[in-house]
Each structure stands twice: as C-alpha cells, then as structure tokens.
Amino acid sequence: MPKPNIPLMPTRRDRLQFRCTANARLLAVLLLPLTISVGCSDQDKPAPAVARPVKVFRIEDHAVADARSFAGEVRARIETPLSFRVGGKLLERKVDVGDSVRKGQLLAILDGNDYHLAVQGLKAQLAAAQADSTFLRDDLVRYRELLTQQVISPPEFERHETAYTTARERAAALETQLAEANNQLSYTELHADRDGVVTALAVEAGQVLAVGQAVVTLAQLEEKEIHFDVPEHRLTEIQRQQEVNVSLWADEDRLLKAKIREIASSADPVSRTYRIKATLLEDPDAAQLGMTATVHVAANTASRIAVPLSAVYTPQNQPDHPLVWLVDEQAATVKSAPVRLGETLAGERIAVEGLAAGQLLVSAGVQRLAEGQAVRLPDQQGLPKGRGSEGQL
C-alpha cells in the first residue's frame, strides 16, 4: 500500500522568507497609490514660463546715410620728370629734394667735352665750305662774261654753275649741322622749364646717363590734389565731379573742400584698388606736398537703418545668416528676423537692411534667448525713442 504524504514541518528559514515576502507585497500595495498620484501631478503641472528681463532698442525714424573715409596723400597735379636730351656723364647736380626752383634755374650739368669738339669740327668744315662757295661764286661771274663773249660753250658754263650750287648747299648743310651741335652742347645743362619744387632725384654725380633718363622730378604748386585708393566694390559709389571733404592729419578738425577729378580706368595689378584723384578747391597752401590726408566721401547708395552691434547675432548652425530679436510688445515675446549687414558706424552701431523704423529689438544678451520666449520689458514711458532702455539682463 502506498505511503500517505505527510507534510513536513516548515523550517525557521522558510518561515522567515515567507514573512519577508508578505511584508514586501503589503508595502508595495500601500505605496502604489502614492506613486501614481505623484506621477500624475508632475505631468499635469505646466512648466512655469520664465520671463527674462531684456535691454531693448527702438529703431529711429530716420535712416543713416553711409559715409566712407579713405587715406590719401597730398600731391601736385602736375609732376614732371626732367631729363637731359643728350647722353653723357653727370658732372654736378645743383638741387636737392625739397628745393624751390625758378624757371630757367640750372639743375644739373653733363660732361660736354665731346659736344665742344663736335662744334669745333663743324665750324672748321663750315669755314672751308663757305670759302669754297665764295670762290666758285666769283669764278662763276667770270665764266658768265666769257659765255656772253662766246669764248666758252654753254655746257662748260653749266658745269661751273653746278659746282657753285653744290658748294653753296654744302655750306648751308654745315650751318644746320653746326646749329644742331650747338643745341646738343646746350642740352648738357638741365634748366627748370617752370617754377616748382623738387620732389624726387633719380641720379647722382658721376653716373653715366642715357638720353631721356629721368634726373629731377619737378612739381608745380599752383594746383594740388589728393591721391587715394578705393577697393573695387566701392568704386560704383564714387563719381567724377563729386564733391568730397578732406581733412589733414596735421589739422584733423578742419575740413577742406575737394572735387573728384579722375578715376583710374583699371585696377592696380598688385593691390587690386583703383587710384582716384581729388582736386583741392580751397586753401591749397595749407596742404603741403606729401602730407597725409583723409578723404570723406558720401557714398551714392541708399540710406540704411543703424542698430547696436550687440543686437546682431548668428546661430551656430548658420554662421552666415545674421539675425536680430524683434520684440512683440503686446505678447511680450521675441522672434528672430534676418538682416543684411552694412558698414560699421560710430558709436558701436552697424548699418542693416531688412528692418523698419519704430520696431523694438533686443539690444543685449541676444545669445540667451529662444524663439517665442517671454521677456520682461521696462516701463514704456521711460523708454526713449532711439535709445536703449535701462533694463539689464
């Protein structure tokens, strides 16, 4: 017969394990409602909106016109490099850079020994030719009498007449050569052809010069102008006959009137800039040659609105797209608006396009804002138009 299953008595370990399990279940049952209540309350409760205090700027009603400043140099309108019309060795230079000279003043001298010899040789040849021409002329008179008396034939007379004509023309040619030699001798001295100031020297005594090699640069002082260079993207903003203002480094507070006279037709191959010349219209004596000048040009472009530099920012994922934060004054929120940047202006401002006068924008702390974020504006009565408020970030 099978043995009956007799339950074994639980051990102390089993009783302890059973008791722990029961306690755990009871604790879970008690904590479950509390957990559900806490979870639901966290999800249902909305996150509090943080209104960030901001500093704002209201765009002015009037736009700001662009103005350009370019560094230049005072130059004479006419600067002539003077040179010898003959070649030779330079014996002496009579002037230095900066000297004022008068018309006809001696500037430099070449060695003229060879030219003196050439003149003497031509004088001797001319004297011989003139003597020969005089003899043949007198001889021709006698032969004409013989022809009248029919002592000689006409061909014989014509032969003597031709000899006299040849001698006469040879003497005339030598006279011309002698005059040219005298001119060449006079060219060994370099004289100023006008009043002016020496601005450059290209040679020194003892140097052998070629014909036409520059020796002295002479500048006329009657008319002065400012030479300055303009990059190619600014060239369209400047026109001929446009009036500009010029300030000298020696007297920055004083503005002189000038007019654009010349705009280079091609760019410099190295700097890729265009040389522009502006003629001074007043007080040329105040501008000494070589002085540093600043040319202030009112560019011929449309005016643009100016905003603080601190109001412009660029997103990290779009560094080439500048933005500003516009403030919705009714909802007290901000939204981004793209702008096109222009020139940097005085007072830490920058010219922009894409905004309208009267709009309110955030002028500081723009990197801390997000799209649609609530902001706290200062008292509108204390917000002067065209200036930032007193609110701080």
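Which condition does GLU223 not pass, out of (1) within 22 Å of ALA293 (Cα to Cα); (2) surrounded by 15 or more Cβ atoms within 10 Å (Cβ to Cβ), if it passes all the others?
For GLU223, the failing item is (2).
Tell me, yes or no, whether region 276-288 has at least one residue that is touching a His at 6+ places or on another chain (Cβ under 7 Å), outside any loop (DSSP other than H, G, I, E, B) and either at pLDDT below 85 or surrounded by 11 or more Cβ atoms within 10 Å (Cβ to Cβ) (or both). So that I can check it myself, show each step before the final result.
Within region 276-288, the subset touching a His at 6+ places or on another chain (Cβ under 7 Å) is 277.
In the following step, the residues that additionally are outside any loop (DSSP other than H, G, I, E, B) were identified as 277.
When the remaining residues are screened for being either at pLDDT below 85 or surrounded by 11 or more Cβ atoms within 10 Å (Cβ to Cβ) (or both), the result is 277.
Scanning region 276-288, I find at least one residue that is touching a His at 6+ places or on another chain (Cβ under 7 Å), outside any loop (DSSP other than H, G, I, E, B) and either at pLDDT below 85 or surrounded by 11 or more Cβ atoms within 10 Å (Cβ to Cβ) (or both), so the answer is yes.
Which members of region 101-114 meet the condition of being part of a loop (DSSP other than H, G, I, E, B) and at negative phi?
Here is the first cut: in region 101-114, the ones part of a loop (DSSP other than H, G, I, E, B) are 102-105, 111-112.
The answer is ARG102, LYS103, GLN105, ASP111, GLY112.
Which of (1) of a type outside the set (A, V, I, L, M, F, W, C); (2) in a loop (DSSP other than H, G, I, E, B); (3) modelled with pLDDT of 90 or more does GLY98 not meet, given it meets every other one?
Of everything listed in (1) of a type outside the set (A, V, I, L, M, F, W, C); (2) in a loop (DSSP other than H, G, I, E, B); (3) modelled with pLDDT of 90 or more, GLY98 misses just condition (3).
Condition first: of a type in the set (Lys, Arg), out of contact with any helix residue (DSSP H, G or I) (no Cβ under 9 Å at 6 or more places or on another chain) and either part of a loop (DSSP other than H, G, I, E, B) or at pLDDT 90 or above (or both). Can you find one or more residues in region 304-327 that meet it? Let's see the steps before the verdict.
If we filter region 304-327 for residues that are of a type in the set (Lys, Arg), which is where we start, we get 304.
If we keep only those that are out of contact with any helix residue (DSSP H, G or I) (no Cβ under 9 Å at 6 or more places or on another chain) as well, we get 304.
From the residues that got through so far, the ones that are either part of a loop (DSSP other than H, G, I, E, B) or at pLDDT 90 or above (or both) too are none.
No, that holds for no residue.
Any residue at all in region 232-251 that's surrounded by 14 or more Cβ atoms within 10 Å (Cβ to Cβ), under 28 Å from GLN105 (Cα atoms) and of a type in the set (A, V, I, L, M)? Spell out the reasoning first.
Initial filter on region 232-251 (surrounded by 14 or more Cβ atoms within 10 Å (Cβ to Cβ)): 234-235, 237-238, 242, 244-248.
From the residues that got through so far, the ones that are under 28 Å from GLN105 (Cα atoms) too are none.
No, there is no match, as no residue in region 232-251 is surrounded by 14 or more Cβ atoms within 10 Å (Cβ to Cβ), under 28 Å from GLN105 (Cα atoms) and of a type in the set (A, V, I, L, M).
How many of the residues in region 92-147 are acidic (Asp, Glu) and free of Cβ contacts under 8 Å to residues at least 40 places away in the same chain?
The total comes to 5.
When you scan region 324-377, how many residues do you find that are acidic (Asp, Glu) and within 33 Å of the chain's Cα centre (by Cα)?
If we filter region 324-377 for residues that are acidic (Asp, Glu), which is where we start, we get 328-329, 343, 348, 353, 371.
Now drop any that are not within 33 Å of the chain's Cα centre (by Cα), which leaves 343, 348, 353.
Qualifying residue count, region 324-377: 3.
Can you list residue pairs whose Cβ atoms sit under 8 Å apart, with the first residue in region 364-387 being in a helix (DSSP H, G or I) and at pLDDT 65 or above and the second being among the β-branched types (Val, Ile, Thr) and surrounded by 11 or more Cβ atoms within 10 Å (Cβ to Cβ)? Count only pairs 6 or more apart in sequence or on different chains.
VAL366/VAL312; VAL366/VAL324
Residue check: is ALA192 in contact (Cβ under 8 Å) with a residue 24 or more places away in the chain, touching a strand residue (DSSP E or B) at 6+ places or on another chain (Cβ under 8 Å) and either small (Gly, Ala, Ser) or within 30 Å of THR279 (Cβ to Cβ) (or both)? Write out each step before concluding.
Numbers: in contact (Cβ under 8 Å) with a residue 24 or more places away in the chain: yes; touching a strand residue (DSSP E or B) at 6+ places or on another chain (Cβ under 8 Å): yes; either small (Gly, Ala, Ser) or within 30 Å of THR279 (Cβ to Cβ) (or both): yes.
Yes: the conditions hold for ALA192.
Only strands (runs of 3 or more DSSP E) wholly contained in region 200-266 count here; list those with 1 or more residues that are more than 22 Å from ARG77 (Cβ to Cβ) and modelled with pLDDT under 90.
Working: elements: 214-219, 224-231, 243-248, 251-263.
Those strands (runs of 3 or more DSSP E) span 251-263.
Which of the numbered conditions does THR301 fail, given that it passes all the others? Conditions: (1) polar (S, T, N, Q); (2) assigned to a loop (DSSP other than H, G, I, E, B); (3) modelled with pLDDT of 85 or more.
The number of the failed condition is (3).
Among (1) farther than 24 Å from VAL97 by Cα; (2) over 17 Å from the mean Cα position of the chain (by Cα), which single condition is ALA287 missing?
(1) is the only condition that ALA287 fails.
The values are calculated or read from the model by the stated rules, or taken from the named source; none is laboratory data. Fair warning: this is a prediction, and the values are worked out from it, not measured in the lab. Every residue, glycine among them, receives a Cβ derived from its backbone with ideal geometry; neighbour counts consider all protein chains shown.
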